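Engineer: Please read through the structure below; I'll follow up with questions.
Where a number appears in this text, it was derived from the coordinates with a stated rule and is not lab data. Just so we're clear, the structure is a prediction, and the values are computed from it rather than from any experiment. All Cβ positions, even for glycine, are placed from backbone atoms using ideal geometry, and neighbour counts span all protein chains on display.
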Amino acid sequence: MSDQIIPPDQDPGASWAGVVNFIDRQLCGPYKNLRATYRRGLAGVDQSSRGLYGKLFADLGTEQQVTVLRQMEEGKAPGAIWKHASSSEFFGYVVDHTMQGYYGDPRHGGNREGVSWKMLGLPYPPIRGRQQNAPKKPNA
Amino acid sequence: MALKHVNAVVVGSGAGGGIVAKELAEAGLSVVLLERGKWFTSADDRKDDLRNQRTSVLGPSFGPDERNPRVYADSSGGEHVVPSNHWAYSNNAACVGGGTLSYGAMAWRFMEQDFRLRSTYGAVEGSTLEDWPISYQDLEPFYEKAEWEIGVSGDDSANVFRAPRRRPLPMPPLSPNRSFQILKPAAERLGLHPFHIPMLRNSVPYNGRGACIRCRWCVGYACEVSAKCGTQNTVIPRAIETGNCELRAECIAKEVITNERGRVTGVAYFDAEGRLQEQTADLVVVSCSAVESPRLLLNSKSRMFPNGLGNRYDWVGRNLQGHSYTGASGLFEQEIYDDLGPGASIAICDFNHGNPGFVAGGLLANEFLRSPYQVASAAAEVGIPRWGAAHKDFMRHYFKRNMTVMGPMQEMPVFESRVQVDPKVKDAWGIPVARISGRHHPNDLLGAEFMAGKAEAWLKEAGASKTFRLHWTFLDIPSGGQHQAGTCRMGNDPKISVVDKYCRVHDMDNLYVIDGSVHVNNGGFNPVLTIMAIAYHASDNLVKTWKGAHGRG
């Protein structure tokens, strides 16, 4: 799911960067009151996938996965769970937490090797202070 | 064992309380400075882009923690118990120095009109807008004192709209960053008057501390080299050095105590070990910011004051306001991001007053450096899908090629926007928590739209290929947060204000509120320098009228 939110291309995607690990860790800490939301929501994703394509989400192709997520975002995804919980709210959490895990500080379990900061051209590791005056390697 | 009696207890060590403690201690009064948070230094700050005072998705770095909930009552009557990193909490900070430890540190003087908005624009329907009981001229010497004692760099000489000043700023501005260099000629082409933002930040060594190292960990963080000037690295150490001031951190004020004659006798508080203590004093200064100050006054109930202190006419906690932020973002084809902190560097005051169709206005300035997560989560504001390949492409291409110009729109005070104490919810110490409710005045929306248009025009002139107006103002919720103000308004008439022009609570001999709460309106500016000037102004009067402990009995 996170790999559809930040897909791999010439730069690694969310799951390589450890976003799932980031979310797991936060669910044991600052986001512990969202555990039930996640449990219910992830079950809902599979319900929607089955409803639309007769398969689990993980077994779908990219286009089908994106369709499921779009429908969740718009609150139109099928599934009994979404009668009691908002699919767009759950998807909103996953998007936000994926962004945090991918673009945030690696100390929280995501952004492995500072991959997103490398992608953006930000000096890494972020030594406190300015690095612009560091001498450049010759023949880099 | 009873604590030794002192001349003054100051509750809260932020922009207001830190200055009052130092001024009183230097004048020879014995002072106890109570602070609910800890004393942090830069070494305690891990420079974490998900856990700081600006982006607190994983919690705030400088408090308060989960022991301090608040209640937010929405416009449809729903009540929510919210933690400090929830938007409706209106958090500032809980630490020695308060917000000044981690702020962006813009050091604005209000303009002359800001102190007499009512006479400038007339009465505004649906607003409690009034003139201040003090003028810009009354505060001018104290603005100057704040600029020189705390330390301000910048250069506002090109700001033709500024109020007159006797002395220039003590430090020159930081060298211009790239967005300054792009925005300045663009503003001039539009006939605007751009200048270097005054900042409470050392641009050169000053007051025994070094200069800014231009890192990206600025607003929301404790400065790595203590070049950012707050009360925690200026006046509070000086207060302690006098030998007259004792700082007690991690102390939670419970109530201000009064005797049977209606005189304040001290403060009851829980110390760092959770023991209830009573610190007696000749006078008490409440400087807990615009949510916690009214909470403390309202929680200080007694037979003589059944509705709390200073609240005879139900004005304590009223008129809560912060700022309606407004502006625009632009996407550029050239690189803007140069990793030179703090980022914010250039401003205009062309639209603070005299705009068509609405009352007042605000400054516009470029934004501080944004972290990757901040840019990623703001993508929807610039018309980019929130997720997927398009979002990632946007980040890769535009992270270094975007610029935001924005500013604080002066809000019209609304009586129904208020802080109360919640009848049910209590904090970890058993003290009733603050309950926040209210709404915006329609004028704020009009102004926000106008200002957003001006910001957009500036960005277009600067070469933005695409621009987007930003809207963060919603009518049915009040603002507050780090610019919170207004809840213990100053005024001459006790029926429609809480404190007098020297911040003394009406009808109380020896109780003062000295922080942003006393602002009648909050200017189209970041309010901290005005809070500091008011603290110097009120302290000056306090010291001059101090007759000694026995003279006041």
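Engineer: Using a cut-off of under 14 Å, list every residue of the stretch A:76-118 whose amide N is near the label point 7 Å from the Cα of B:Ser76 along the Cα-to-beta-carbon line.
Structural biologist: Taking a point 7 Å out along Cα→Cβ of B:Ser76, no residue of the stretch A:76-118 has its backbone N under 14 Å.
Engineer: Which percent of Cα-Cα pairs in chain A sits in each 10 Å bin, short to long?
Structural biologist: Taking every Cα pair in chain A, the percentages come to 12, 35, 30, 13, 7, 3, 0.
Engineer: May I pose another question? With the Cα gyration tensor of the stretch B:1-47 in hand, convert its eigenvalues to equivalent ellipsoid semi-axes via √(5λ) and list them largest first in whole Å. Please report the intermediate quantities before stating the final value.
Structural biologist: Numbers: eigenvalues 121, 41, 14 Å².
Sorted largest first and rounded, they come to 25, 14, 8 Å.
Engineer: Give the span of the stretch B:364-489's Cα atoms along each principal axis, as three whole-Å numbers ordered largest to smallest.
Structural biologist: Projected onto the principal axes, the Cα atoms of the stretch B:364-489 cover 51, 33, 22 Å.
Engineer: Assign one of three labels to the stretch B:17-77, namely rounded, prolate or oblate, based on the Cα gyration tensor with a ≥ b ≥ c the square roots of its eigenvalues; rounded applies when a/c is under 1.5, prolate when it is not and a/b is larger than b/c, and oblate otherwise. Don't skip to the end; give the middle numbers.
Structural biologist: Working: a/c = 3.20, a/b = 1.49, b/c = 2.15.
Verdict is oblate for the stretch B:17-77.
Engineer: Now, a different point. In square nanometres, what is one fourth of the surface area of the convex hull spanned by the alpha carbons of the protein assembly as shown? It would help to have the intermediate numbers written out before the result.
Structural biologist: Details: hull surface 123.4 nm².
In nm², the orientation-averaged hull projection of the protein assembly as shown is 30.9.
Engineer: Another question about this same structure. Across 5 Å bins from 0, what is the distribution of all Cα-Cα pair distances for the stretch B:97-236, in whole percents?
Structural biologist: 2, 9, 16, 18, 17, 16, 13, 7, 3, 1, 0
Engineer: Using all Cα-Cα distances in the stretch B:326-413, what percent lands in each 5 angstrom bin from 0 up to the longest?
Structural biologist: Whole-percent P(r) values from 0 Å outward: 3, 13, 21, 21, 15, 12, 9, 5, 2, 0.
Engineer: Sticking with this one: Based on the alpha-carbon set only, what is the convex hull volume of the stretch B:1-156 divided per residue, in Å³?
Structural biologist: 213
Engineer: Right, here's the next one. Which value does Rg/Rh take for the stretch A:18-74 over its C-alpha atoms, Rh per Kirkwood?
Structural biologist: Details: Rg = 12.8 Å, Rh = 12.3 Å.
Result: Rg/Rh = 1.04.
Engineer: First obtain the Kirkwood hydrodynamic radius of the stretch B:253-331 from its Cα pairs, then insert it into the Stokes-Einstein equation at 10 °C and 1.306 mPa s, and state the resulting D in µm² per second as a whole number.
Structural biologist: Translational diffusion coefficient: 110 µm²/s.
Engineer: Taking other Cβ within 10 Å of each residue's Cβ, how do B:Asp509, B:Asp114 sort, fewest first?
Structural biologist: Lowest count first: B:Asp509, B:Asp114.
Engineer: Please go through the stretch A:1-90 and write out the trypsin sites (Lys or Arg not before Pro) that DSSP classes as loop and that have at most 15 other C-beta atoms within 10 Å.
Structural biologist: A:Lys55, A:Lys76
Engineer: Only counting other Cβ atoms within 10 Å, I'd like B:Ser84, B:Ser13 sorted with the fewest neighbours first.
Structural biologist: Least crowded to most crowded, the residues run B:Ser84, B:Ser13.
Engineer: How long, wide and thick is chain B, going by the Cα atoms along their three principal axes, in whole angstroms, largest first?
Structural biologist: 69, 53, 45
Engineer: If one computes the Cα centroid of the stretch A:47-125 and of the stretch B:407-435, what distance in Å separates the two points?
Structural biologist: 36
Engineer: Compute the Kirkwood hydrodynamic radius of the stretch A:1-47, taking the inverse of the mean of 1/r over all pairs of distinct Cα atoms, and give it in Å to one decimal.
Structural biologist: About 11.6 Å, per the Kirkwood formula over Cα pairs.
Engineer: Give the dimensionless ratio obtained when the Cα radius of gyration of the stretch B:431-553 is divided by 2.2 N^0.38 Å.
Structural biologist: Normalised by 2.2 N^0.38 Å, the Cα Rg of the stretch B:431-553 equals 1.45.
Engineer: With each label point set 7 Å from Cα along the Cα-Cβ vector, what nm distance links B:Glu449 and B:His5?
Structural biologist: Rounded to a tenth, the inter-label distance reads 6.1 nm.
Engineer: Next up: Sort A:Asp11, B:Asp507, B:Asp49 so that the residue with the fewest other Cβ atoms within 10 Å of its own Cβ comes first and the one with the most comes last.
Structural biologist: B:Asp507, A:Asp11, B:Asp49
Engineer: Continuing with the same structure: Which semi-axis lengths, in whole Å and largest first, follow from the square roots of five times the eigenvalues of the Cα gyration tensor of the stretch B:427-494? Kindly include the intermediate steps, with their values, before the conclusion.
Structural biologist: Working: eigenvalues 251, 57, 27 Å².
In descending order the semi-axes read 35, 17, 12 Å.
Engineer: Hey, another quick one. Kirkwood Rh over Cα pairs of the stretch B:175-302 into Stokes-Einstein at 37 °C, 0.692 mPa s: D in µm²/s?
Structural biologist: Values: Rh = 19.0 Å.
It comes out at roughly 173 µm²/s.
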